[in-house]
Amino acid sequence: MAGVGFVLRKLTQRDDLAGTLAGYFYSAVISSGPWLFTVLCLGTLVLIGNQYLFSQDIAEFRIIIIYNFAFSLVLSAPVFMVVTRYLADMIYAQDVSGAPGALVGMLTLVYGLAVPLVVAFYFFYAEMALWIKLLAVANFLLITGIWLTSVFVSALKEYAAIARSFAVGMLIAVLAAVFLSLDFGISGLLAGFNLGLLFILSDLIARILAEYPYRVREPFAFLDYFRSHWEIALSGLIYNLAIWADKWVMWSADESIRQDNGLISYPYYDGAMFLAYLSIVPAIALFTFSVETGFYEKYQRFYQDIQNHATYARIQHNAQVVWTTVLSHARNILVLQLTVAVSLILIAPALLGWLQTSPMQLGIFRYGVLGTAFHAFTLFLMTILTYFDARLKVLYVSIVFLVTNTLFTWASLGLGLSWYGWGYALSSIASFTVAYVLMADHIKKLPFETFVVSNASARL
């Protein structure tokens, strides 16, 4: 979140409605802008493609994108998390000269490890035309590149420019995909979408290199962080496995579909969950705004006073202020997200009818909305724990999420269609409960955690 707080705090200091609204707008752009642009692009391509392409082609295009997002998030997550910490430490030390090298090393490492697996999947398992296989691998490279460069994008202050980059890229994707698909079908659809992604990735890399105008050196210096921060890498892997666990389990349901190309999916479940995830955008924006304009200031004061040799009474007072601030912001986010969730659950029949989705998705969508609400709460609490470098506790929550999401979703398969989505919802509630207990315990004992648990010399 480096650089984000400066802009948001400057806006809130205006002490007027326009400043507050601008702050929330920036929070939405920072946290969800690229995601929303991608969602709108994919939705538009599917709607337009349905008018003149075979349904099988649209289904194949959609499943390739789903598989590539899953591959990208899971295979790159450990490196993504470690490099995020590596860059944060460089920014804290006010020496970002190693950023270009880290960018090159990160892309080289992930592509070197992941590309052989993805190539093997598409060329030796999936039954597709050669051109589609090549375009599918290229799509993975572009999605992964954008995901990885977002580590560095978060440190840039050109939020409006970054949002425009995604908007222009997605516009290019829609226009190129529609134009090329008229003559080349699914190959044109995928090639056009890739062109839009290529524009975004190229623009982001150009902005990063302009922000960090240093020569590339020691590209793999961050590898040492895997030894000293192994919990971060493992948490990233397990958490992203957990996100996809319920989808993979549901792909074994009786209602799942195995396409002619060999790829398996459950469109009703995937589509309903896809819509449910959109419900957390307001809460994510509020969380970003709250953390950077409220919590971070109290968090920073706690550690600054320690560095300035404040009295123990002062340190205890600061810790209590941090706890009070977290509770206050958590309450606001909880009220907002539960209001959104309850509203969507009540209007779900009308909403899904307007979107012309299957009635079979109604129950899944409702469970999904409930689950994503608690999933968002869990993610927020994990973020707070990350601020305090409570790496093992974040790892514990990730493990709980993966195990429960897998087991509860598997159990729901035996209960029938009316219970699909229940496993994910229950898992999110369980993960939230564990995350809250760990976070509350950590902050309530913050001085002890700071001076003893996190102090290597005190443990010797």
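Need the list of aspartates and glutamates near K133 for cross-linking: C-alpha distance under 13 angstrom, and skip anything on the same chain fewer than eight residues off.
E60
From the residues L327, H309, I364, which one has its Cα farthest along the dipole of the chain in the positive direction, the dipole being from +1 and -1 charges on Cβ of Lys/Arg and Asp/Glu about the Cα centre?
Highest projection toward the positive end goes to H309.
Starting from 0.36 nm per residue, how many nanometres of slack lie between R217 and S343 once their C-alpha separation is accounted for?
40.1 nm
Taking a cut-off of 18 Å between Cα atoms, list the aspartates and glutamates near K393, but don't count ones fewer than 8 places away on the same chain.
Here the aspartates and glutamates satisfying the reach criterion relative to K393 are E231, D441, E449.
Of I264, I243, I132, how do they rank once you tally other Cβ atoms within 10 Å and put the fewest first?
Least to most surrounded, the residues fall as I264, I243, I132.
Report the charge-dipole magnitude of the chain in Debye, nearest 20, computed about the Cα centre from +1 at each Lys and Arg Cβ and -1 at each Asp and Glu Cβ.
920
Taking the Cβ of A390 as the center, what net charge do the other residues with Cβ under 12 Å away carry, scoring Lys and Arg +1 and Asp and Glu -1?
Counting the neighbours of A390, the net charge comes to -1.
What does the extension gain come out to for L392 and L351, with contour length at 0.36 nm per residue minus their alpha carbon separation?
Full extension from L392 to L351 adds 10.7 nm.
Quickly work out the W410-to-A210 label distance, labels modelled 7 Å from Cα along the C-beta direction, and quote it in nm with one decimal.
5.1
Going by how many other Cβ atoms sit within 10 Å of their own, how do K444, K298 line up, fewest first?
K444, K298
Roughly how big is the range 276-459's charge dipole about its Cα centre, with Cβ charges of +1 (Lys, Arg) and -1 (Asp, Glu), in debye to the nearest 20?
Computed charge dipole of the range 276-459: roughly 220 debye.
Mean residue ellipticity at 222 nm from the helices of the chain, using -39,500 (n - 2.57) per DSSP H segment of n ≥ 4 over the full residue count, to the nearest 500 deg cm²/dmol?
The per-residue figure over the chain is -27500 deg cm²/dmol.
None of the figures in this text is laboratory data; all of them are computed from the coordinates on show. Given the structure is predicted, the values throughout are model-derived calculations rather than measurements. Every residue, glycine among them, receives a Cβ derived from its backbone with ideal geometry; neighbour counts consider all protein chains shown.
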